[in-house]
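J.: Mind having a look at this structure? Questions to follow.
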Amino acid sequence: MHSKKAPLGLTIAAIGTLLFLHVPMLIIFLYTFTPDETTYTFPLPGFTTKWFGVALQRADLWRSLILSLQVATVATIAALILGTLAAAAVYRSNFFGRESISFLLVLPIALPGIVSGIALRTAIGGFDIPFSFWTIVIGHATFCVVVVYNNVLARFRRTSASMIEASMDLGANSFQTFRHVVLPNIATALLAGGMLAFALSFDEVIVTTFTAGQQTTLPIWIFSQLNRPRDRPVTNVVATFVILITFIPIFLAQRISASSSDTEGENK
Amino acid sequence: MTNPSSTPAIRFNQVSRHFGEVKAVDQLDLEVIDGEFFAMLGPSGSGKTTCLRMIAGFDRPTSGSIYLYGQDVSNLPPYERSVNTVFQDYALFPHMNVGDNIAYGLMIKKVPKDERTKRVDEMLDLVQLKGFALRKPSQLSGGQRQRVALARALINHPKVLLLDEPLGALDLKLRQQMQVELKAIQKRVGITFIFVTHDQEEAITMSDRIAVFNQGKIEQIGTPAEIYERPASAFVAGFVGTSNLVSGEVAKRVTGSDQTFSIRPEKIHLGTSNEATPAGMVSLDGVVRDVIYLGLYTRYLVEVAGGIDLVVVEQNLKTTSMDVLSIKGQKVKLHWHKDHISRVGA
């Protein structure tokens, strides 16, 4: 089945789709090296790496980058804890309204960011909570929890329920069972979910716009650069950096969940 | 507790387990003797697995008490009972190798590493899996996983070992081999084994005593021979092996009472219609309706006066397929020994 060559039309369509998705990113990458700071001319009028140096000098850029990393880290940790607990509750017990809770947990990722954003802003304003680092984290956690929850729940559903019973049968209490049996079994799901959550948080613009006070996360910083055409190559440098920092965890997450589902298939 | 061997390994005192309206286990009394191989046999939904889960501690009785060697364990969590379980799906830990799986109970009890390794080796020896310690469960066959599950439970020296449909997932050949092996292992370790099965042949092959479950109650407890030869109820007669149930007018003609009785197909002798009835035997006239030749033996369906069909099984010791098939439609006389009749009540 796999040895058969794909028809020409399909091949062209596949290549076309990939180009459509990735050529814009290549353009950004290319113009990080242009000496001409205001226009996009092709071929490049020359080659320079000076914009990397310029980017390094920008204190506002560094502040935004560090803030974004901090927000993503804290939001991911919160998501890992809350998402795992929610998944465990939904998987293990059969309580009234379980399906509704599952649905409500997944909803934030489907809801347009603009709606989540305005809702959060209204709520945060309504409770008189000052907009800060923590309000950004709360905003991000709403969709990060979903990613972890989905990953962990899927893993729970593939794990044999009698494994937990077996552990208790062999003398382990709930805590020991969690540490020696449950955690190792969901570890790759946590890693994959966590990295995805991190990547989602790191490049979030819409919800952040509504939940941030004076803080500027990296995506917002990039957004603000649109009004300054002279800084365009610096923005390109940052964009390239963001692509890399997002690409690596997503790539790893995919590899991890693909390989662990292979071995679990064997167990069945 | 002066003489431990006289204390039952497991005692159920009026144990019930209700799931909503369903009485999965209904006021059950049961004693399992120390050191025996005990089978809980019954169809699915008869309450046998619920009983096993209550002994293990995964489930608690709605009412009544369960005693493990005299100690009331009804409300103890699984990890505080000296009972271990071999699960139907084995429930091996996929992230650990075979050695770590087997050592799990000892690791939790913080047994030093040297002793753990030593005891794991002993266990691997017992279940004939020497040299498998570093394999992952996913690299094992079904039969090997079963052995690992057994070793993982036995290494803790439980007072009672529970086995939930232990051979259900294995193919026929392997199942028959494991039946013999399980029995041998139980003899060697001397631990009380309680196993749940719906396979009557398995129960008869392996166990010292069998409890036949039906609708949350025990229909009969006895040795395999007692259960087979003297079924106490129509349900037992029908569930364990095949049986002819005779009632009403025909029963009255044979035994003088219209109480239903059971007679096993192989106990019935198929004779010619003019044959005299030997002493101590009862007899019935009938017509052979159907003959099924099965190689080792032949199964006859004989309609006796009164309209009841009886199944008769005879070994093909001297007869050939031609001989037995020619009997179809002929008049015959059936006789069997009075002692082989079991009254099974209404």
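The values are calculated or read from the model by the stated rules, or taken from the named source; none is laboratory data. In this text, all values refer to a predicted model and were calculated from it rather than measured experimentally. A quick note on method: Cβ atoms are made from the backbone with ideal geometry, for glycine too, and the neighbour counts reach across all protein chains shown.
J.: Go through region B:120-156 and report how many residues are over 26 Å from B:TYR79 (Cα atoms) and among the aliphatic types (A, V, I, L, M).
T.: So the count comes out to 3.
J.: Going by what's in this entry, would B:GLN144 be described as free of Cβ contacts under 8 Å to residues at least 24 places away in the same chain and assigned by TED's automatic domain parsing to the domain that holds B:ALA56?
T.: yes
J.: Hey, any hits in region B:220-241 for a residue that's exposed (fewer than 15 other Cβ atoms within 10 Å of the Cβ), out of contact with any Asp or Glu (no Cβ under 8 Å at 6 or more places or on another chain) and hydroxyl-bearing (Ser, Thr, Tyr)?
T.: No, region B:220-241 contains no residue that is exposed (fewer than 15 other Cβ atoms within 10 Å of the Cβ), out of contact with any Asp or Glu (no Cβ under 8 Å at 6 or more places or on another chain) and hydroxyl-bearing (Ser, Thr, Tyr).
J.: Quick one: in region B:59-68, which of the residues that are in a strand (DSSP E or B) and on the phi < 0 side of the Ramachandran plot is farthest from the other protein chains (Cβ to nearest Cβ)?
T.: Looking at the filtered set, the residue picked out is B:SER63.
J.: Any chance you could count how many residues in region B:69-110 are loosely packed, with under 15 Cβ neighbours inside 10 Å, more than 9 Å from chain A (Cβ to nearest Cβ) and of a type outside the set (S, T, N, Q)?
T.: 3
J.: Kindly indicate whether any position in region A:131-141 is in a loop (DSSP other than H, G, I, E, B) and either within 14 Å of another protein chain (Cβ to nearest Cβ) or farther than 28 Å from B:ASN156 by Cα (or both).
T.: The answer is yes, given that some residue of region A:131-141 is in a loop (DSSP other than H, G, I, E, B) and either within 14 Å of another protein chain (Cβ to nearest Cβ) or farther than 28 Å from B:ASN156 by Cα (or both).
J.: Looking only at region B:111-127, count every residue that is over 12 Å from B:VAL86 (Cβ atoms) and in contact (Cβ under 8 Å) with a residue 40 or more places away in the chain and tell me the total.
T.: 1
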